[in-house]
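Written below as structure tokens is the structure these notes are about.
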Amino acid sequence: MRIDRRDVLRGGLPTIAGLGWPGSRVVAAAPDAAEPLSRSLLWYGQPARVWEEALPVGNGRLGAMIFGGVKRERLQLNEDTLWSGGPYDPVNPRGRASLKQVRALIFARRYAEAEALAAQDIQSLPMRQMSYQSLGDLLIELPLVNETDVTAYRRSLDLDSAIAETRFTAAGQDYIRTVFASHPDQLLAIRMTSDAPFDLSIRLETGQRGTAAIEDGALLLSGVNNQDRGVAGALKFQARAILRADGAPVQADGDALVVRGVRAVEIMLAAATSFRSPGDQSGDPGRLTADRLAAVAVTDHATLRDRHMASHRALFRRVTIDLGDAGKGGRPTDQRVRRGGGQEDPALAALYFQYGRYLMICSSRPGSQPANLQGIWNDSNRPPWGSKYTLNINAEMNYWPVDSAALSECFDPFVTLVEQLAESGRRTARTLYGARGWVAHHNTDLWRASAPVDNVRTGLWPCGGAWLVCQLWDHWDFHRDDAYLARIYPLMRDAALFFVDTLQAEPGTDYLVTNPSNSPENQHPYGSTLCAGPAMDSQILRDLFDRTGDAARRLGRDAALRRAFAQTRARLAPDRIGAAGQLQEWRQDWDMAAPEPQHRHVSHLYALYPGQQIDRDATPDLARAARRTLDLRGDDATGWGLGWRLNLWARLGDGERAHAILARLLAPERTYPNLFDAHPPFQIDGNFGGTAGIIEMLVQSREEVTRLLPALPRAWPSGSIAGIAQRGGVTIELTWREGQVERLTLTARHPIRRRIIAPAGVATVALRAGERRTIGPADFTAA
Ligand code: FUC
């Protein structure tokens, strides 16, 4: 039977009887009755038939998708620096000379001419960026196993140990295979055991320009990355795997390693490329992989596993969540999703929340690349949107939950990306705009290309870098670490400088606006996306100038520049409310005439979330207009579109609407059986937006204010969440019952004074640095 990815999307999966093993009889095993049903377990009664059913493990850098096969197991592998191409600078040399005219055409509303000129002179050469690649597959075969009689099959992923397990009985013999990706040891570790002897072989395969060989008893896959769009491949890569089997001899058989008559086998795989930074590809992958395996030559599997679990749990166990249990947890995870679990299975929402945290730990660790559009999991060499870093929402959304979900270490690769992007962005600012500072547009890749790409309608958007640095400041706001602020300040200042030099005075007003730009990817009624001063840009730039000025003041730096930033900020165009009562997306009231009124992007709501400029208490009129915009835009969208709407409705304090959006996100149209977000095929931002949104429904922080249960839906009447971080350096543990706060514990990193708004009233607390305090219903007074 051929399985179409679209069937998985529609939830129309074939039943176990049609699994693709002709004549096979597979009987699934539920988790043992004796085993307490783990709140952190994804589990299935059959192997993955398509990639979107396989289960992900990762150590930030090295990832694997585990299919859970019986006779033949496939682990699809990724290494996060294996991208196509090499260093390149795509800035169009004609751009600077044409910029003035493009601006004039946009101000004159001659959009078609502006598009044509910009497409030819401003858009990059090449027009597209490099792509994230698949490294290949590790194939594990049990040649003697007969698939016609398989019972007690179960594959699972335990988010708490970060270990995937496949177990089954074949011809009366029990097998267990476990897989984890170790961060401390930088390798993939697999163990297969059985209660009777078995034979096993492993092989490596790749779609890259590589060759497989056996050398010194190890499987080697070595090669050079693909050229792309005329950019030569500049990377060497290698994967290296070894087999250990109870001291039994490991033999070479063609391109495979084979063991016979063993009861336990361990496989360890290391992978690396020569990438060290966008300007340095001098790494030696052969040596790196050999060293990693040599370092564990005498380390037993239990030690590797314990080190791995300790490292994972140090992050994962910081947060617990309980949204109630409707008794659906005993079902396999794919069935829970297929039954539209988001509606009546609060434990599935809690699992989805923790899955987002799990995916972040697995795809973004200090020293790794940041999580891209697919985290680190990608089986294609021409993946959708290049599996890159899209900066007009997606890369930012990936990192929305990181601080509040207590995974701040995972933010580190994001900071490094911005530092590297600013280097390329300085060249782009100078060459394309003749400006100081740095700029990035709507996409970047491993090589940190920063000029406008893809096509003029989406690519010509100059606020990618500005948004990124605003998010760097958000990270500071959660932790208030001044060494970190000093590290990011130059990035903020130089991002702001670019706009001091390039903002344009709007004809007829004294406002300063971006031009050329677009309101990410949405067409206005004049048949183009190109425009001047979309609302989102002004919102981002208000944050940029405010936060940069604030950082300069705290650090005692750049007094003169601070004044320039404040003056520029004062001339930014304000948000407007349109005739339909909506928040205007553009300077003109075009929203109701735009060709796609239900467009997936809701860019102009940046100011509500992730920004804080619009707030239901502080700016009630704008909050009402934002609500109207959300209603007009509608609830349906792609995965990340839902993730954004979820956070926005939570910010507006509408728990039922937020819950309805979450249910859409968790429905089979938007969530695959492995809980990956479906933006067909797969995009991880919806997962991270979902995790951030669940927090936002339960607790919010804003300046010196904590909101408890701001968007609690009726479906979660009682529950708890603990370990959530808030702005200002506070961690909270919250228990609620029948919709009311039962207990709140705050732990402060710095001295703080906080106003706490709960459904039943308001409390004010002041804490010293390091102090921990618990309050209950009696501490709140009616507002
Ligand atoms: C933006 C979105 C698309 C997609 C792409 C990666 O362009 O509009 O939906 O998510 O990024």
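In the set GLY729, GLY693, only one residue is in contact with a helix residue (DSSP H, G or I) (Cβ under 7 Å, 6 or more places away or on another chain) and within 19 Å of ALA347 (Cβ to Cβ); that residue is GLY693. Restricting attention to the range 622-661, and to residues there that are under 23 Å from TYR389 (Cα atoms) and of a type in the set (S, T, N, Q), which single residue is surrounded by the most Cβ atoms within 10 Å (Cβ to Cβ)? Among residues in the range 622-661 that are under 23 Å from TYR389 (Cα atoms) and of a type in the set (S, T, N, Q), the one surrounded by the most Cβ atoms within 10 Å (Cβ to Cβ) is ASN647.
Among the residues of the range 301-313, are any among the polar types (S, T, N, Q), over 30 Å from ALA451 (Cβ atoms), open to solvent by 10 Å² or more (accessible area, probe 1.4 Å) and within 22 Å of the chain's Cα centre (by Cα)? Within the range 301-313, one or more residues are among the polar types (S, T, N, Q), over 30 Å from ALA451 (Cβ atoms), open to solvent by 10 Å² or more (accessible area, probe 1.4 Å) and within 22 Å of the chain's Cα centre (by Cα). For the range 600-633, a residue qualifies if it is of a type outside the set (Val, Ile, Thr), without any contact (Cβ under 8 Å) to a residue 40 or more places away in the chain and away from the ligand (no atom under 16 Å from the Cβ), and the qualifying residues are ARG616, ASP617, ALA618, PRO620, ALA623, ARG627, LEU630, ASP631. In contact with a Pro (Cβ under 9 Å, 6 or more places away or on another chain) and without any contact (Cβ under 8 Å) to a residue 60 or more places away in the chain: is that true of ALA783 in this structure? Judged against the criteria, ALA783 is not a match.
MET536 meets the conditions (1) under 29 Å from ALA119 (Cα atoms); (2) out of contact with any Phe, Trp or Tyr (no Cβ under 6 Å at 6 or more places or on another chain) in every case but one. The failed one is (2). If you check LEU675, LEU648 for being of a type in the set (A, V, I, L, M), under 20 Å from the mean Cα position of the chain (by Cα) and either assigned to a loop (DSSP other than H, G, I, E, B) or within 15 Å of the ligand (Cβ to nearest atom) (or both), only one passes: LEU675. Here TRP716 qualifies as away from the ligand (no atom under 16 Å from the Cβ), at pLDDT 95 or above and open to solvent by less than 10 Å² (accessible area, probe 1.4 Å). Only one entry of ARG664, ARG670 meets the criterion of being in contact with a Lys or Arg (Cβ under 7 Å, 6 or more places away or on another chain) and crowded, with 24+ Cβ neighbours inside 10 Å, and that entry is ARG670.
Among the residues of the range 230-239, is any surrounded by fewer than 18 Cβ atoms within 10 Å (Cβ to Cβ), of a type in the set (A, V, I, L, M), modelled with pLDDT of 95 or more and not in a strand (DSSP E or B)? Checked the range 230-239: at least one residue is surrounded by fewer than 18 Cβ atoms within 10 Å (Cβ to Cβ), of a type in the set (A, V, I, L, M), modelled with pLDDT of 95 or more and not in a strand (DSSP E or B). On the basis of being out of contact with any helix residue (DSSP H, G or I) (no Cβ under 6 Å at 6 or more places or on another chain), at pLDDT 95 or above, at positive phi and not in a strand (DSSP E or B), does GLY770 make the cut? Here the answer is yes, as GLY770 does meet what is asked.
The helices (runs of 4 or more DSSP H) located wholly in the range 376-486 that include 2 or more residues which are within 30 Å of THR706 (Cβ to Cβ), away from the ligand (no atom under 14 Å from the Cβ) and open to solvent by 10 Å² or more (accessible area, probe 1.4 Å) occupy 464-479. Taken over the range 176-194, residues that are over 11 Å from LEU62 (Cα atoms), open to solvent by 10 Å² or more (accessible area, probe 1.4 Å) and touching a strand residue (DSSP E or B) at 6+ places or on another chain (Cβ under 7 Å) amount to 5. Given the condition more than 15 Å from the ligand (Cβ to nearest atom), without any contact (Cβ under 8 Å) to a residue 40 or more places away in the chain and buried (at least 22 other Cβ atoms within 10 Å of the Cβ), answer yes or no: does some residue in the range 327-337 qualify? Scanning the range 327-337 turns up at least one residue that is more than 15 Å from the ligand (Cβ to nearest atom), without any contact (Cβ under 8 Å) to a residue 40 or more places away in the chain and buried (at least 22 other Cβ atoms within 10 Å of the Cβ).
The values are calculated or read from the model by the stated rules, or taken from the named source; none is laboratory data. Since we're looking at a predicted model, the values are computed, not measured. Cβ coordinates were reconstructed from backbone atoms using ideal geometry, including for glycine residues, and neighbour counts include every protein chain displayed. Ligands, DNA and RNA are stripped out before the accessible areas are found, and what is left, the full protein with its side chains, is counted by its heavy atoms. Shrake-Rupley method; radii C 1.70, N 1.55, O 1.52, S 1.80 Å.
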